[in-house]
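Some notes on the structure that comes next.
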Amino acid sequence: MKLLEDRIRRDGVVAPGQVLKVDSFLNHQMDVELFWAMGQEFKRLFAGAPINKIVTIEASGIGIACIAAAVFHVPVVFAKKSQTKNIDGNPYQVTVESFTHGRQYQVMISRKYLTSADHVLLIDDFMANGKAMAGLIQLVQMAGATVEGAGVAIEKGFQPGGDAIRRMGIHVESLAIIESMNAETGEIIFKENR
Ligand code: 5GP
């Protein structure tokens with residue numbers, strides 16, 4: 001998606017450790033009009049899929065998922081990262097390894113908000129090693145719901161997540177796929193012909 005690639009080129013910062021910082025428009029300050037255009041692109045890419053729910057993961061997927069949900073006219077559920085008093089007794093729960101924080105954490109969704117009747121579009125801001133997405137897929141499968149696809153804002157194509165999730169037979173659409181990036185020069189190369 002050219003609009004997103006241009007924005008990444010303009011405002012993205014390549015940090016050491018193959019981390020792209022997009023805090024100024026995507027996961028700290030948020031450009032909601034850009035999110036709206038991204039939501040419309042997801043709608044086009046997943047046209048025809050009987051999506052009745054969007055599922056994402058706390059925290060940085062939530063903004064993008066909410067705007068996409070408005071475009072799809074469906075509710076959005078986010079997987080919570082810690083047990084709170086607000087989630088009932090026996091939620092669906094899986095362990096996810098964090099790319100950015102290098103540790104493991106539990107994510108959960110209440111049984112009330114994910115059922116076998118659901119046809120889910122998964123949304124996240126980044127795909128790196130695919131652990132967050134794999135955790136969401138597991139949660140959806142635990143509920144007996146159907147994964148209709150996975151929509152990602154930025155896929156780091158040089159990391160294995162995208163291919164791993166595609167190999168599971170999931171329809172993955174990433175709005176920008178980064179082929180390589182260089183923390184010293186700041187250069188970002190996108191996968192072409194998209
Ligand atoms: P994965 O589970 O695919 O390895 O990593 C996905 C999660 O890690 C995303 O939800 C995102 O929050 C975070 N993440 C992975 N790579 C990056 C990155 O380069 N920049 C930022 N800002 N977050 C990232």
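The values are calculated or read from the model by the stated rules, or taken from the named source; none is laboratory data. Values in this document were obtained by computation on a predicted structure and should not be read as measured data. Backbone-built Cβ (ideal geometry, glycine too); neighbour counts: all protein chains shown.
Answer yes if at least one residue in region 123-144 is modelled with pLDDT of 95 or more and basic (Lys, Arg), and no otherwise. Give the steps one after another, and end with the answer.
Initial filter on region 123-144 (modelled with pLDDT of 95 or more): 123-144.
Now narrow it down to the ones that are basic (Lys, Arg): 131.
Among the residues of region 123-144, at least one is modelled with pLDDT of 95 or more and basic (Lys, Arg), which makes the answer yes.
The set of residues from region 30-73 being part of a loop (DSSP other than H, G, I, E, B), of a type in the set (A, V, I, L, M) and within 22 Å of ALA132 (Cα to Cα) comprises MET30, ILE51, ALA59.
Per the conditions (1) within 16 Å of the ligand (Cβ to nearest atom); (2) hydrophobic (A, V, I, L, M, F, W, C); (3) surrounded by fewer than 19 Cβ atoms within 10 Å (Cβ to Cβ), the sole criterion not satisfied by MET142 is (1). The residues on offer are PHE99, PHE78, PHE126, and the sole one that is crowded, with 18+ Cβ neighbours inside 10 Å, within 16 Å of the ligand (Cβ to nearest atom) and part of a loop (DSSP other than H, G, I, E, B) is PHE99. Considering only residues that are part of a loop (DSSP other than H, G, I, E, B) and touching a helix residue (DSSP H, G or I) at 6+ places or on another chain (Cβ under 7 Å), which ones fall in region 102-123? Result: LEU114, single match.
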